[in-house]
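Working notes for the structure below.
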Amino acid sequence: MNPGEDARRCAEGLWAISVPSDTLAPWTSTHAYLVGDAGVGWLIDPGGAGAEADAAVDALLRAAGVRHLKGILLTHTHPDHVAGVAGALRRHGPVDVWVHPAGLGRLPPGVSGKPLGPDRRLVAGPRFLTTVATPGHASDHLAYWLPETRALVAGDLVAGRGSTWVGTPDGDVADYLASLARAAALDPRLVAPAHGPLRTDGRQVLDEAREHRLERERAIWDGLADGPATLAHLREQVYPGLDPAAHDLAERSVLAHLRKLMRETRVMHLGTDAEGPFARAPGG
Ligand SMILES: [Zn+2]
């Protein structure tokens, strides 16, 4: 799904559109979703701001036949998911904006949210959806599960292609793996991510994301085979020849893995700051 394409009905009671947004490469848009039926609906992640983005969100509501918007639901509070909230409220509000309690203080200026915890059931006309705790990419991340169609609106839990970013300070690899397992236990048929293609092989995309994380962990572990190594050294091992502009993001991702390994006492931190060096723990 790409910017400029029409809204798409991707399952019973679920519509999607690609909304231009200021997001991480390789993406240029965030998918907004509408869960609803019988003229009412919930908007999930309005995406970016600006005229083009506004037009996409409006087209989504039109395609779904929404006459009454029940509220805006957020998967998390990264700017590429929430920049469009204020505009959506202006055009389709007033409605409540629901967000994980950890995200309440992270909303754009002028937007206030209501707390939405995991395992909440929300009604949308004759249908319903439930919230799923999915921290890891962000500590305030929720996914939305439509049990009748076995569709998971996944936010940034996974990308439709490639991997999603998990890095410090807010990301957590152990939480992320647990979230993937929680999502897999639902046995989704459709996984509808915020970026990239929608995936009808739901279990497969979750398994791929898990395998990717474990592969990255193995690469970091291998990077410590010859003795202590700095964060920069490990980044070069895992992401060789990276554009220096991306070093910070890459190092924060490596650090998120190192934190997991440190908590498992497989890796020790030897230095005084995030640069390390890091070493395999005896018996690790
Ligand atoms: Zn995000």
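The values are calculated or read from the model by the stated rules, or taken from the named source; none is laboratory data. Note that the coordinates shown come from a computational prediction; the quantities given were computed from them, not determined experimentally. Here the Cβ positions follow ideal geometry from the backbone for every residue, glycine too, while neighbour counts run over all protein chains shown. The area values use the complete protein model at the heavy-atom level, side chains included, leaving out ligands, DNA and RNA. Shrake-Rupley method; radii C 1.70, N 1.55, O 1.52, S 1.80 Å.
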Quiz item: Can you tell me which of GLY162, GLY196, GLY167 is closer than 15 Å to HIS137 by Cα, open to solvent by less than 40 Å² (accessible area, probe 1.4 Å) and assigned to a loop (DSSP other than H, G, I, E, B)?
Solution: GLY167
Exercise. Considering each of PRO3, PRO20 in turn, give the residue that is in contact with a helix residue (DSSP H, G or I) (Cβ under 9 Å, 6 or more places away or on another chain), not aromatic (Phe, Trp, Tyr) and not assigned by TED's automatic domain parsing to the domain that holds VAL166.
Key: PRO3
Quiz item: Do you know which residues across the range 9-34 are farther than 14 Å from VAL57 by Cβ and outside any loop (DSSP other than H, G, I, E, B)?
Solution: ARG9, CYS10, ALA11, LEU14
Quiz item: For the range 275-284, what are the residues that are under 17 Å from SER253 (Cα atoms) and either open to solvent by less than 50 Å² (accessible area, probe 1.4 Å) or among the polar types (S, T, N, Q) (or both)?
Solution: GLY276, PRO277, PHE278
Quiz prompt | Of the criteria (1) among the polar types (S, T, N, Q); (2) touching a residue at least 24 places away in the same chain (Cβ under 8 Å); (3) surrounded by fewer than 18 Cβ atoms within 10 Å (Cβ to Cβ), which one GLN204 fails | solution = (2)
Practice problem: Return the total of residues in the range 91-130 being within 20 Å of the chain's Cα centre (by Cα) and of a type in the set (Ser, Thr, Tyr). | Solution: 1
Exercise. Give me the pairs, please: first residue somewhere in the range 237-264 and not assigned by TED's automatic domain parsing to the domain that holds VAL173, second residue anywhere and among the polar types (S, T, N, Q) and open to solvent by less than 20 Å² (accessible area, probe 1.4 Å), beta-carbon distance under 6 Å, and either six or more positions apart or on two chains.
Key: ARG252/THR168; LEU255/THR168; ALA256/THR168
Quiz item: Is the range 139-149 home to any residue that is under 11 Å from the mean Cα position of the chain (by Cα), within 12 Å of the ligand (Cβ to nearest atom) and among the hydroxyl-bearing types (Ser, Thr, Tyr)?
Solution: yes
Quiz item: What about GLY110, is it out of contact with any strand residue (DSSP E or B) (no Cβ under 6 Å at 6 or more places or on another chain), open to solvent by less than 20 Å² (accessible area, probe 1.4 Å) and part of a loop (DSSP other than H, G, I, E, B)?
Solution: no
Practice problem: Output the number of residues of the range 67-91 satisfying the condition of being more than 16 Å from ALA194 (Cα to Cα) and either modelled with pLDDT of 95 or more or within 16 Å of the ligand (Cβ to nearest atom) (or both). | Solution: 9
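Could you tell me which residue of the range 243-274 is nearest to the chain's Cα centre (by Cα), considering only residues that are hydroxyl-bearing (Ser, Thr, Tyr) and surrounded by fewer than 19 Cβ atoms within 10 Å (Cβ to Cβ)?
Per the criteria, the residue is THR265.
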Self-check item: Members of the range 218-236 found to be out of contact with any Pro (no Cβ under 9 Å at 6 or more places or on another chain) and either open to solvent by 20 Å² or more (accessible area, probe 1.4 Å) or over 14 Å from LEU261 (Cβ atoms) (or both), listed by number
Solution: ARG218, ALA219, TRP221, ASP222, ALA225, ASP226, ALA232, ARG235, GLU236
Quiz item: Has the range 123-135 got any residue that is open to solvent by less than 20 Å² (accessible area, probe 1.4 Å), within 15 Å of the ligand (Cβ to nearest atom) and in contact with a strand residue (DSSP E or B) (Cβ under 6 Å, 6 or more places away or on another chain)?
Solution: yes
Practice problem: Output the residue which, of all residues in the range 39-84 that are open to solvent by 10 Å² or more (accessible area, probe 1.4 Å) and among the charged types (D, E, K, R), is farthest from the chain's Cα centre (by Cα). | Solution: ARG67
